[in-house]
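A quick write-up on the structure given underneath.
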Amino acid sequence: MKAINKTPCLSLAYLSIAIPLISIAMAIFLSDWFSITNNALSDLGHATRSSVAPIFNFGLSLGGALIIYTSTLCIYKISKAFSVVGFLVGFTLILVAVFDEIYRGLHFTVSVAFFLSLAVFLIAYGIYFRSYLPLPALVVAIIAWVLHFIYDIPKGVAIPELVSIFATLPFYITVIKRFQER
C-alpha cells in the first residue's frame, strides 16, 4: 500500500518538470529565430512577437500549477515551511507565463522572483536536510548569472536560466522521494 501512495507524488513531480521543459523544447524547435545564446527563454512567450507563445506560456503555467499541487499534496504533510517554498516556486513560474514580456518591467520582476525562488529552494533543502549538496548547484547558478550580467557572457539569459533550472531539479525530485519515505 505504501508504494502505491508514493506513485502519485513522484508522478506529479516528474510531470511538473516535464511539461514546462517539453513546452520550452517544442517552442525552441518551432522557432527558427530563437538563439539559446542571444535570447531569453521568455522571448518564446511574447504574446505578439512569438507564434509559439501559447505553447510556451501554457507549459509554464501548467508546470507551475503542478508544482503548487505537488507541494501542497506531497510536501505539506511533512514540512509546512518547505511546502511554502515549493508553492512560491510554482506560483512565480505561473506569473512568468501570465505576465509575459509584453508587461516589460513586471515580467522582469516576476522572472527575477522565480529564479530567486529556485535559490531559496536550494537553501531550504540545505537547511532542512542539513546538507551541503545544494551549495555547488547554487554557486554554479550564481556564476552563470554573474557571467551574464557583469561580463555579458552569453548575450542572452537563456543559458543562465537553464543552468538555474537544471541545478534545482535533482533536489526537487529528491525532496519528493525523501518525503514519501516518511
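A short reminder: the numbers here are calculations on the coordinates, not readings from a lab. Every value quoted in this text rests on a predicted model; they were computed, and no experiment measured them.
Tell me, what HN-Hα J-couplings in whole Hz come from the Karplus equation 6.51 cos²θ - 1.76 cosθ + 1.60 at θ = phi - 60° for each residue of segment 84-99, using x for Gly and Pro?
Karplus-based 3J(HN,Hα) across segment 84-99 equals 5, 4, x, 4, 4, 4, x, 5, 5, 5, 4, 4, 4, 6, 5, 9 Hz.
Which angle between 0 and 90 degrees, to the nearest 10, do you get for helix 53-70 versus the longest principal axis of the chain when only C-alpha atoms count?
That helix lies at roughly 20 degrees to the long axis.
Using only Cα atoms, figure out Rg for segment 98-179 and give it as a multiple of 2.2 N^0.38 Å.
Its radius of gyration relative to the 2.2 N^0.38 Å reference: 1.19.
In percent, how large is the relative contact order of the chain, given Cα pairs closer than 8 Å and 6 or more residues apart?
25
Per residue, how big is the convex hull around the C-alpha atoms of segment 35-130? Give it to me in cubic angstrom, could you?
In segment 35-130, the Cα convex hull volume per residue is 95 Å³.
From the list (i) 50, 32, 26; (ii) 77, 56, 33; (iii) 46, 37, 34, can you say which value of Cα extents along the principal axes in Å was derived from the structure given?
Given (i) 50, 32, 26; (ii) 77, 56, 33; (iii) 46, 37, 34, the calculated one carries the label (i).
Which shape class, rounded, prolate or oblate, goes with segment 132-171 when its Cα gyration tensor gives a ≥ b ≥ c as root eigenvalues, a/c under 1.5 marks rounded, and past that a/b bigger than b/c marks prolate?
Here segment 132-171 falls in the oblate category.
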